[in-house]
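Please read the structure below before turning to the comments.
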Amino acid sequence: MKAIDSLKSLEDEVVQAHGNESIRRHPGNDLRVYLLDLRKENMPLRGCESKLINEFVEYYWDARSSPNEFGFDQYEEYMSRLNRIKSTIIPRIQPSKTNSPIYVNKSRKSKTYSTQNPNVSVDIYEKFPVPFGLVRFGVAPDHQEVKNVINSFTKVAQNERTRFIGNVNIGTDVTLSELRSAYHAVVLCYGSSQDTKLNIPGEEFGNVLSARRFVGWYNGIPQDKDLDFTLDTDTAVIIGQGNVAIDCARILLLSVDSLKKTDITNHAYLRLLNSNIRKVIIVGRRGPMQAAYKIKEFRELTKMENCNVMLNLVYESQSMFSDELMETYSKPRRRFAELYRKIYDRQTICNDTGSSKECELKFFHTPIEIISNGDNMNPKVSSVRFKRNILENNSDENAKVIKTLDQPIEEIKCGIVIRSIGYRSTPIDDSLPFDAKRGVILNKDGRVVNNRGLYCSGWAAFGATGVILNTMKASFEVGKNILSDIDNCLLDEGDCRGYDAIGPVLMERNSEIVDFIDWQRIDQYERELGQKEGKPREKLVNFDDIMKIKSKPDN
């Protein structure tokens, strides 16, 4: 049974994180009691909410008691909760055999490591004046359950041996060299801040946006709050078929009533309230079996209220949903194929579902040119031209494009284009060994090559791929590697003063520091603002407003 097998994977990860087989659940132990016990101090699930565990257990027992009635949708909900529980696991790190030096986790997108080694202290440097990086600024506002991982991060940040130092830019406020001189170890977790471009004519026209900045606009990145674009058109084209593309489409098509209950920024909500967008076309170079989005995100798209999802397929690709080919797919791909076939069969019978909005997924096409509206003074996109691609094998999930046809050229009329074809990291210091082609810091298991005491994790280490659970797991592994290097005396043993050395440097350069107590004051203010509007929070997006609340004395 799939539910039972996946539960075993949770138990395996819990045992691995704790480092002791004795906490594995015995067959007679009540599952609910077992998982709730793992929330106790120093246990692997101490960052997990009891509500999430209770929901997970209910789905598990439904699967056990009524397996024939436990459908695919229920299984997806079950797996969603299982993965959220896994994302809260905090490893237990054994005390070092030697006196451990202080190390720093330098971050522009906050990632945190366990600080259970009593001889280790962690300072977290963050570019923004608020913590939580990708969780705050990247996770879609209607995915509040994913943001619960903040609870685990908060517990780490509140550890007495952890210091949060926000509103610090590496390179201007402090240099990487200065950090390395002050700490025994420095960890770079600054994510991917550069877009991959289409490199086609017309990309510079108005209303052609990057998904990175569009996400920053609706999620509250201060630099993106004044993003210049309009929603006075009925059709949007999104180029790229990853999770971020799906998020952008969903935000454009969600009802304003649904958006109002989220933590979407107020300026974004007001503009979407008056949006004319009624159709979003998501275009990919390859086919449906090669799309990069996950089934959870795609299924969410298909369940949106008052929105019809359509598949635009070339004729010869329709056979990939045949019963014969279905049997050859891996389980994840077969789930996709089943869902695709269900949608395709429905639209073949009847295209008109009565919905006022539509999301079309168009496959096997590459953009070649963006056409303007003819206004030479203020050119804006009016359409996009595409060429058709041929794949080596439409049903192979790893199939590559082998040919792009010169004819026919298809032109899609639209008033806004969002490119969502990937992100890249950039080197924050010239001394970093960097793979410019892949956009990552050169490293082996998180250890930066030829740089003792320098580490990296997350997208800066392995590229812009995966979800928060992937980056958390990778970060835990890097944390373990650092402790291993400490135990094996692989780090310099000189006297490093940490923030005692860096603090005066920041003061001399007039850097306005935000600490975690300041953040808690900002957090409380945002929550109170949101409560008045029935939202989880109302994010502050103006830097001066953030610093004003930070400096506001407590009552």
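The listed residues are SER177, SER193, SER181, and the only one of them that is open to solvent by 20 Å² or more (accessible area, probe 1.4 Å), in contact with a strand residue (DSSP E or B) (Cβ under 8 Å, 6 or more places away or on another chain) and among the small types (Gly, Ala, Ser) turns out to be SER193. Considering the range 375-406, and only residues there that are among the aliphatic types (A, V, I, L, M) and either in a loop (DSSP other than H, G, I, E, B) or open to solvent by 80 Å² or more (accessible area, probe 1.4 Å) (or both), the residue that is nearest to SER330 (Cα to Cα) turns out to be ALA399. Only helices (runs of 4 or more DSSP H) whose full extent lies in the range 454-555 are considered here, and the ones with at least 3 residues that are buried (at least 17 other Cβ atoms within 10 Å of the Cβ) and among the small types (Gly, Ala, Ser) are 468-487. Would you confirm, using the coordinates I've provided, whether SER114 is small (Gly, Ala, Ser), within 17 Å of the chain's Cα centre (by Cα) and either modelled with pLDDT under 90 or not in a loop (DSSP other than H, G, I, E, B) (or both)? Answer is no for this residue. For the structure I just gave you, tell me whether LYS362 is open to solvent by 40 Å² or more (accessible area, probe 1.4 Å) and modelled with pLDDT of 95 or more. Judged against the criteria, LYS362 is not a match.
The condition of being at pLDDT 50 or above and buried (at least 19 other Cβ atoms within 10 Å of the Cβ) does not hold for VAL104.
Table: residues versus (1) in contact with a helix residue (DSSP H, G or I) (Cβ under 8 Å, 6 or more places away or on another chain); (2) closer than 30 Å to LEU272 by Cβ; (3) charged (D, E, K, R).
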position	(1), (2), (3)
VAL384	no, yes, no
ASN393	no, no, no
GLU397	yes, no, yes
GLN407	no, no, no
PRO433	no, no, no
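Tallying residues that are over 24 Å from ALA245 (Cα atoms) and either in contact with a Gly (Cβ under 6 Å, 6 or more places away or on another chain) or open to solvent by 30 Å² or more (accessible area, probe 1.4 Å) (or both) within the range 297-329 yields 9. Exactly one residue out of LEU361, LEU325 is farther than 30 Å from GLU203 by Cβ and among the aliphatic types (A, V, I, L, M): that is LEU325. Got a number for residues in the range 499-513 being within 16 Å of THR172 (Cα to Cα), touching a helix residue (DSSP H, G or I) at 6+ places or on another chain (Cβ under 8 Å) and among the hydrophobic types (A, V, I, L, M, F, W, C)? So the answer is 3. Counting the residues of the range 21-42 that are touching a residue at least 40 places away in the same chain (Cβ under 8 Å) and either on the phi > 0 side of the Ramachandran plot or assigned to a loop (DSSP other than H, G, I, E, B) (or both) gives 1. Looking only at residues that are charged (D, E, K, R) and open to solvent by less than 20 Å² (accessible area, probe 1.4 Å) in the range 248-291, which one is nearest to GLY216 (Cα to Cα)? That would be ASP263.
If only one of TYR59, TYR78 is open to solvent by 50 Å² or more (accessible area, probe 1.4 Å), more than 30 Å from ARG180 (Cβ to Cβ), at pLDDT 80 or above and outside any loop (DSSP other than H, G, I, E, B), which one is it?
TYR59
The single residue among VAL168, VAL139, VAL135 that is under 18 Å from TYR190 (Cβ atoms), hydrophobic (A, V, I, L, M, F, W, C) and not in a loop (DSSP other than H, G, I, E, B) turns out to be VAL135.
The values are calculated or read from the model by the stated rules, or taken from the named source; none is laboratory data. Every value quoted in this text rests on a predicted model; they were computed, and no experiment measured them. Cβ sites come from the backbone with ideal geometry, for glycine too, and all protein chains shown count toward neighbours. Quick note on the areas: whole protein, heavy atoms, side chains included, nothing else; ligands and nucleic acids left out. Shrake-Rupley method; radii C 1.70, N 1.55, O 1.52, S 1.80 Å.
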